[in-house]
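Single-structure report; data block below.
The values are calculated or read from the model by the stated rules, or taken from the named source; none is laboratory data. Worth saying up front: this structure is predicted, and the values here are computed from it rather than measured. Cβ placement follows ideal geometry from the backbone for every residue including glycine, while neighbour counts extend to all protein chains displayed. We work out accessible area using only protein heavy atoms, side chains counted, and drop any ligands, DNA or RNA first. Shrake-Rupley method; radii C 1.70, N 1.55, O 1.52, S 1.80 Å.
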There are 2 protein chains.
Amino acid sequence: MKLSTKGRYGVQAMFELALYYGEGPISLKVIAENEGLSEHYLEQLIAVLRKADLVKSIRGAQGGYMLSAPPDKITVGDVIRTLEGSLAPSDCVVEDIPFECSRSGGCPTKVVLEKIRDAINKVIDSITLQDMVDDYKKMIQKNSYMYYI
Amino acid sequence: MKLSTKGRYGVQAMFELALYYGEGPISLKVIAENEGLSEHYLEQLIAVLRKADLVKSIRGAQGGYMLSAPPDKITVGDVIRTLEGSLAPSDCVVEDIPFECSRSGGCPTKVVLEKIRDAINKVIDSITLQDMVDDYKKMIQKNSYMYYI
DNA sequence: TAGAAATCCGAGCAAAATAGTCGGCATTAA
DNA sequence: TTAATGCCGACTATTTTGCTCGGATTTCTA
């Protein structure tokens, strides 16, 4: 039940964009360096986010990426689902288009899986990028006496 | 973020054992048939559950498996974690022994991952096999007018 | 106008995980 | 004694993951 790196790196990258929201485009190079990720790999992920209209790009020198909406309008769920698809723990409980197993109607395991799915969705849909930025800034202040990477 | 079949089949098998708890050993063949699973594959999974002392086995003809504790003492979390390991969505937030990434202290993504982890754990640790059995029996009654597989 | 800095695009690929299958031995009830 | 059943280890095909690589295109800036 691990999130793949797609989802995790995607959230990390979107957090960076949220941090610099309103300050013009940020290049992939900067994002990758700040978060310690492969630039080439991030490229693939951000292409998906761009097609889903979560980020905008500006080509050419001094170009880069920016959020296409304010950080408080984009949730972690938007990002993760765009990159990983539904977070349903099984195909039989994917929202709207569940793959029907033979005993779909009366399967007690399905009930369990639905509860897991709903719990995950509730969490990721309730956290916005702005929440992450706020948390981060609060933490930096709190720990300003120590050396932070 | 899918549960592998290990976890799902494991829960299905344990549900079967819960359904027949107190009625002597149930053979893998029966479990596999009832749930529509491969008997050989289930064998591997139940071996893990046996080593974790969640089920007991009786060898030889008329042998089989049974829960080693009453269904209300075994949670879905016990079963899934035994078969899949921690349900933390990333290695950096595995309970007790997280794999430390470079920015572990101040990583805002980690906070998100911890919340997902906790939400999942809360759900699976709150559902016992007895709960599944109760749900199932209630549902059968409710739908007794229709033909159920 | 040249060149550097970016994004964009598609192909390829090694390693790991997944989801099993298969064959045979050991045990025990009938 | 035989059939039913659990126990065990090896093997494997397929899919997913997590990238890398090369090059084309766009655009800012000097």
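Every helix of 4 or more DSSP H residues in chain A counts as -39500 (n - 2.57), and over all residues that averages to -16500 deg cm²/dmol at 222 nm. Projected onto their three principal axes, the Cα atoms of chain A cover extents of 56, 40, 25 Å, largest first. Look at the dipole of chain B built from charges on Cβ: of B:ILE97, B:ILE116, B:ALA61, the Cα furthest out on the positive end belongs to B:ILE116. For the protein assembly as shown, the orientation-averaged shadow of the C-alpha convex hull comes to 18.5 nm² (one quarter of the hull surface).
Scanning chain A for chymotrypsin sites (Phe, Trp or Tyr not before Pro) in DSSP loops with at most 14 neighbouring Cβ atoms within 10 Å leaves A:1-98 as the longest stretch between them. Across the copies of the chain, A:GLU33 has label points (7 Å from Cα along Cα→Cβ) spaced 6.7 nm apart, shortest distance listed first. In the context of the full set of protein chains, residues of chain A present 52 Å² of accessible surface per residue (probe radius 1.4 Å, heavy atoms only). Accessible area buried by the pairing of B and A, both sides summed with a 1.4 Å probe, works out to roughly 3500 Å².
Among the lysines of the range B:5-142, pairs at least eight places apart or on separate chains and with Cα atoms under 17 Å apart come to 4. Sorted shortest first, the distances from the A:GLY63 label point to those of the same residue in the other copies are 6.7 nm; each point sits 7 Å from Cα along Cα-to-Cβ. Name the longest site-free stretch of chain B, where the excluded sites are GluC sites (Glu not before Pro) in a DSSP loop with no more than 15 other beta-carbon atoms within 10 Å. The reported range is B:24-94. Angle of helix B:108-126 to the longest C-alpha principal axis of chain B, folded into 0 to 90 degrees and rounded to 10: 20°.
Axis angle, to the nearest 10 degrees, between helix B:129-142 and the longest C-alpha principal axis of chain B: 60 degrees.
Using a Gaussian network model on chain A with a 10 Å cutoff between Cα atoms, which of A:LEU129, A:LEU54, A:LEU67 fluctuates the most? Ranking A:LEU129, A:LEU54, A:LEU67 by mean-square fluctuation puts A:LEU54 first.
How much of the accessible area of the range A:5-142, in percent, comes from carbon and sulfur atoms when a 1.4 Å probe is used?
Carbon-and-sulfur percentage of accessible area, whole number: 49.
Under 5 Å between amide hydrogens, built in the peptide plane, is the criterion, and for A:ILE74 it picks out A:LEU129, A:GLN130 among residues at least 5 positions away or on other chains.
Relative contact order for chain B: what percent, with Cα pairs under 8 Å and sequence separation of 6 or more?
Values: 168 pairs, mean separation 38.1, N = 149.
This gives 26 percent for chain B.
Compute a Gaussian network model of chain A, connecting alpha carbons closer than 10 Å, and tell me which residue from A:ARG117, A:ARG81, A:ARG59 fluctuates the most. Judging by the Gaussian network model, the answer is A:ARG59.
Provide the net charge surrounding A:ARG81, with neighbours chosen by a C-beta distance below 13 Å and charges set as Lys +1, Arg +1, Asp -1, Glu -1.
The answer is -3.
Rank B:MET139, B:MET14, B:MET66 by mean-square fluctuation in a GNM of chain B with C-alpha springs under 10 angstrom and give only the top-ranked residue. Among B:MET139, B:MET14, B:MET66, the largest GNM mean-square fluctuation belongs to B:MET139. Here's how it looks for B:VAL55: its modeled amide H is under 5 Å from those of B:ARG50, B:SER68, which are all 5 or more places away or on a different chain. Dipole magnitude for chain B: about 140 debye, using +1 per Lys or Arg Cβ and -1 per Asp or Glu Cβ, origin at the Cα centre.
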